[in-house]
Amino acid sequence: MKIVIVGPAYPYRGGIATFNERLARQLAAEGDEVKLYTFTIQYPSFLFPGKTQYSTEAAPQDLDIVRAVSSVNPFNWIRVAHRIAAEKPDAVMLRFWMPYFGPCLGTIGRILRRKGIRVVSLVDNIIPHDHKPGDKPFAKYFVKNVDGFLAMSQSVMDELRQFDSAKPVAFAPHPLYDHYGASESKADAAAALGLDPSLDYYLFFGLIRDYKGLDLLLEAMASYGLKESTAHLIVAGEFYSNEDKFWELERSLDLKGRIHWFDRFIPDDQVRHFFNVADLVVQPYKTATQSGITQVAYHFEKPMVVTNVGGLPEIVPDGKCGYVVAPEPAAIADAIARFYAERPDFSDGIRAQKQLFSWSRLTAALKSLL
């Protein structure tokens with residue numbers, strides 16, 4: 001098939017850009033012709049919460065990436081839709097992860113459908129974690145202009161049904177992020193990060209946003225179940241929310257010396273160090289759909305503590321690949337303390353579970369919509 005993917009890709013950084021590029025490679029490996037249309041303007045700079053939207057890594061040489069889409073210019077949306085239509089693709093996949101992009105992607109979809117081109121969407125979130133004015137009408141407009149949807153969790157499928165109960169929705173779990181390199185020894189990973197390899201570490205990884213519950217994890221560290229633990233926390237990710245409250249929590253809860261902060265965006269070639277030095281990956285999310293972090297943890301075969309929100313319990317079976325707990329400091333603390341007290345071997349469960357998260361399963365679900 002000839003497929004166009006519209007969404008983030010190089011030179012933009014982040015998990016969604018990484019995902020789209022990996023998906024394009026999988027489709028190409030299956031014999032499809034794939035082109036990625038990415039943004040000239042993704043977010044206006046005043047709306048972007050991080051330090052930069054752009055990757056510092058070299059451009060991929062094996063992908064056909066076109067920078068053409070401005071999220072803020074309606075005339076551009078029309079031009080891009082006609083440009084894509086002129087290439088006569090068999091299908092177009094729009095990547096949707098927040099309602100801000102509803103007008104842009106919805107307009108592109110509407111024009112392409114009028115020209116007889118099948119338009120589907122891979123939807124990360126249809127209802128965002130951080131609600132803003134305009135979310136529902138923007139999402140509704142987008143949904144109206146797509147033929148079908150691919151979701152990676154049951155919670156997203158349920159949310160899509162609130163907007164449209166008739167259009168087809170296919171399901172495939174979030175595939176493994178398997179491009180971050182091979183496992184390495186804890187000693188080598190610790191040396192790369194300047195950490196003591198003799199210590200135990202649990203990891204909070206990814207962009208730091210309010211809904212991800214880092215504050216719950218810090219409060220858990222000060223609770224009775226975890227207060228006397230000798231294990232240290234690694235926080236690796238750039239702040240996308242007010243960082244002052246986390247520094248204040250560290251101070252007020254007397255956590256100095258127990259947390260190792262890597263408060264920056266982590267490039268792809270450094271990700272493996274954080275997962276290989278850690279004994280346990282903790283995701284204390286307050287809300288969630290699916291999470292790419294779990295798929296990095298599965299790739300490196302690390303057990304997890306996740307909260308019972310959104311699609312996380314679907315991905316991490318309790319007692320098989322880690323622990324599923326309530327999004328409360330005491331429950332999070334108890335799970336981490338239990339892990340270090342009992343040192344359970346979850347390796348067989350993790351290896352069995354990770355077999356479910358293949359890229360071919362996702363592409364099969366995508367093509368079933370087409």
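Fully extended, how many nm does the chain gain between MET1 and ARG264 (0.36 nm per residue separation, minus their Cα-Cα distance)? Don't skip to the end; give the middle numbers.
Numbers: separation 263, 0.36 × 263 = 94.68 nm, distance 3.93 nm.
Here the segment from MET1 to ARG264 would lengthen by 90.8 nm.
Can you tell me the dipole magnitude for the range 2-171 around its Cα centre, using point charges on the Cβ only (Lys, Arg +1; Asp, Glu -1), in Debye to the nearest 20?
Numbers: 22 positive and 16 negative charges, 130 e Å.
Taking the Cα centre of the range 2-171 as origin, the dipole is about 620 debye.
Using Cβ contacts closer than 10 Å as the measure, can you line up TRP97, TRP77 from fewest to most? Please list the in-between numbers first.
On the way: TRP97 18, TRP77 22.
By the 10 Å Cβ count, ascending: TRP97, TRP77.
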Run the reach check for LYS35 against aspartates and glutamates, Cα to Cα strictly under 17 Å, same-chain hits fewer than 8 apart removed. What comes back? GLU21, ASP62, ASP64, GLU87, ASP90
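Averaged over all directions, how much area does the convex hull of the C-alpha atoms of the range 2-171 cover when projected, in nm²? Mind dumping the intermediate values first?
Values: hull surface 39.0 nm².
Dividing the Cα hull surface by four gives the mean projection, 9.7 nm².
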Using Cα springs under 10 Å in a Gaussian network model of the chain, which residue among ASP124, ASP334, ASP196 shows the largest mean-square fluctuation? ASP196
Mind listing the long-range amide H neighbours of MET304? Cut-off is under 5 Å, sequence gap 5 or more, other chains count too, H placed in the peptide plane at 1.01 Å from N. VAL281, GLY322, TYR323
For the range 51-116, rounded, prolate or oblate, judged on the Cα gyration tensor with a ≥ b ≥ c (square roots of eigenvalues), a/c < 1.5 rounded, else prolate if a/b > b/c? oblate
Between HIS179 and LYS256, what is the label-to-label distance in nm when each label sits 7 Å out along the Cα-to-Cβ direction? 4.2 nm
Quick check on the range 186-354: what are the equivalent-ellipsoid semi-axes from the Cα gyration tensor, as sqrt(5λ), descending, whole Å? 21, 19, 17
Largest first, please: the extent of the C-alpha atoms of the chain along each principal axis, to the nearest Å. 64, 41, 40
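Just subtract the alpha-carbon distance of LYS227 and ASP188 from 0.36 nm times their residue separation and send over the number in nm, one decimal.
Full-extension gain reported as 11.2 nm.
If neighbour count is taken as other Cβ atoms inside 10 Å, put LEU218, LEU63 in order from fewest to most.
Working: LEU218 24, LEU63 17.
Sorted ascending by nearby Cβ count, the order is LEU63, LEU218.
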Give me the distance between the Cα centres of the range 118-157 and the range 2-66, rounded to whole Å. 19 Å
Partner lysines whose C-alpha sits under 19 Å from that of LYS136, ignoring same-chain residues fewer than 8 away, are LYS144, LYS167
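Using a Förster distance of 30 angstrom, determine the FRET efficiency expected from the C-beta separation of TRP247 and ALA68, and round it to 0.05. Could the numbers behind the result be given before it?
Details: r = 41 Å, r/R0 = 1.37.
It comes to 0.15.
Grab the beta carbon distance between ARG338 and ARG25, set R0 = 56 Å, and tell me the FRET efficiency rounded to 0.05. Mind showing how you got there, number by number?
Values: r = 39 Å, r/R0 = 0.70.
For ARG338 and ARG25, the calculated efficiency is 0.90.
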Mind counting lysine pairs for me in the range 186-354? Cα separation below 28 Å, and the two need to be 8 or more apart along the chain or on different chains. 28
Distance (nanometres) between label positions extended 7 Å along Cα→Cβ at ALA86 and ALA330: 6.5 nm
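Taken together, the values in this text are just the output of simple stated rules run on the coordinates, not laboratory data. This one's a predicted model, so the numbers in the text were calculated from it and none came from an experiment. Backbone-built Cβ (ideal geometry, glycine too); neighbour counts: all protein chains shown.
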